[in-house]
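Readers should treat all values here as calculations from the given coordinates under stated rules, not as data from a laboratory. Keep in mind that what you see is a predicted model, and the values were worked out from it rather than measured. For neighbour counting, all protein chains shown are included, and Cβ atoms are generated from backbone atoms with ideal geometry for every residue, glycine included.
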Amino acid sequence: MLEETNHHVVPTANFTDKIVCVTGGSRGIGRAIIKAFDALGATCGIIYRSDDASAERILTELEGTNHRLFKADVSDPDQAAKVIDDLIQAFGKIDIFVNNAGIGSHHPIDEMSYTDWQAHFKKIMAINFQAGANLSHQVSQHMIAKKSGYIINVTSRGAFRGEPLQPAYGASKAAMNSLTQSLAYALAPHNIFVGAVAPGFVETDMAKERLEGPRGDGIRSQSPMNRVAKPEEVAQAVVLMASSPIWMTGGIFDVNGASYFRT
């Protein structure tokens, strides 16, 4: 069920009995996702890598009182496994897991040395793809045992249109889309939903330099609305997906303001 509020359609689903865990949860899109689920009654596990101040700040902004912070570098396979164990120990279960953590960098192929090219791919793939793959493996074992769960991956429009200035980023998000659909098929018999939300440009710290620079107007004009997304709009899409029936598993939800249409 949906209701209209301040010109935005927001989900009215009730998540009061749900445990929602989000990587990259202290800033940007992750922070907005946490706040959206908190407003709907969920208890949240906020996974973050290093920014203690932002992580502590979000706790003060939330309505619920049982949310917990979990500090981990999820690109490290051992830390990824441990944080899932810590989440289950803290909450007893995980109902919805959102792979949101991600980074980008400027590394066009005609400007990079071979050494720098490899370094960009190694770092970006480790965080944007391998971490999500490892976390999905670990959380799915728990969800298989309880015969239910939602895994939602935040990917990107760049997975479809390409990212010539940051090709590792586009490749990592395409890999996550493929993983989403592979896992959706594999986990459907266990009543586990796997889906992806694919935004275009979003007004976050990661995009701030480009949006405020000489390319900013061109980026905004990619959408007929002449702007980029607010993090809260992507969060609404994640909540909608977490409210979806199991039959919609494997879906990839485009959230790009009509800036790119895939075929």
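Straight-line reach from Lys122: taking Cα to Cα under 14 Å and skipping same-chain neighbours fewer than 8 places apart, the aspartates and glutamates in range are Asp76. Label positions at Asp217 and Phe261, each projected 7 Å from the Cα along the C-beta direction, are separated by 2.7 nm.
Of the GluC sites (Glu not before Pro) in the stretch 32-119, the ones in a loop by DSSP (not H, G, I, E or B) with at most 13 other beta carbons within 10 Å are Glu63, Glu111. Taken one residue at a time, the phi angles of the stretch 131-137 give Karplus couplings (6.51, -1.76, 1.60, θ = phi - 60°) of 4, x, 5, 5, 5, 5, 4 Hz. Gly and Pro are set to x.
Relative contact order, percent, of the chain when contacts are C-alpha pairs under 8 Å separated by at least 6 residues?
18 percent.
Phi-derived couplings, Karplus 6.51 cos²θ - 1.76 cosθ + 1.60 at θ = phi - 60°, listed residue by residue for the stretch 22-35: 9, 7, x, x, 9, 9, x, 4, x, 4, 5, 5, 4, 5 Hz, with x used for Gly and Pro.
The modelled label-to-label distance between His190 and Lys147, using points 7 Å beyond Cα along the C-beta direction, is 1.4 nm.
In this structure, the pairs whose alpha-carbon distance is over 19 Å, taken from Lys71/Lys208; Lys35/Lys230; Lys208/Lys230, are Lys71/Lys208. Distance between the modelled labels on Arg161 and Lys208, one decimal in nanometres: 2.4 nm (7 Å Cα→Cβ projection).
Only aspartates and glutamates eight or more places from Lys146 in sequence, or on another chain, were considered; those with a Cα closer than 19 Å are Asp17, Asp85, Asp86, Asp95. Per-residue 3J(HN,Hα) values for the stretch 175-187, derived from phi via the Karplus relation 6.51 cos²θ - 1.76 cosθ + 1.60 with θ = phi - 60°, read 4, 5, 4, 5, 4, 3, 6, 4, 6, 4, 5, 5, 9 Hz in sequence order (x marks Gly and Pro). A straight line joining the Cα centroids of the stretch 229-243 and the stretch 80-121 runs 20 Å. When Asp38, Asp205 are arranged by Cβ crowding within 10 Å, least crowded first, meaning fewest neighbours, the order is Asp205, Asp38. Using only Cα atoms, tell me the angle between helix 114-125 and the longest principal axis of the chain; keep it within 0 to 90° and round to the nearest 10. The helix 114-125 is inclined about 30 degrees to the chain.
The Cα atoms of the chain define a convex hull whose projected area, averaged across directions, is 14.3 nm². Exposed loop positions in the chain were taken to be chymotrypsin sites (Phe, Trp or Tyr not before Pro) whose DSSP state is not H, G, I, E or B and which have at most 16 other beta-carbon atoms within 10 angstrom. Between these positions, the longest stretch is 1-259.
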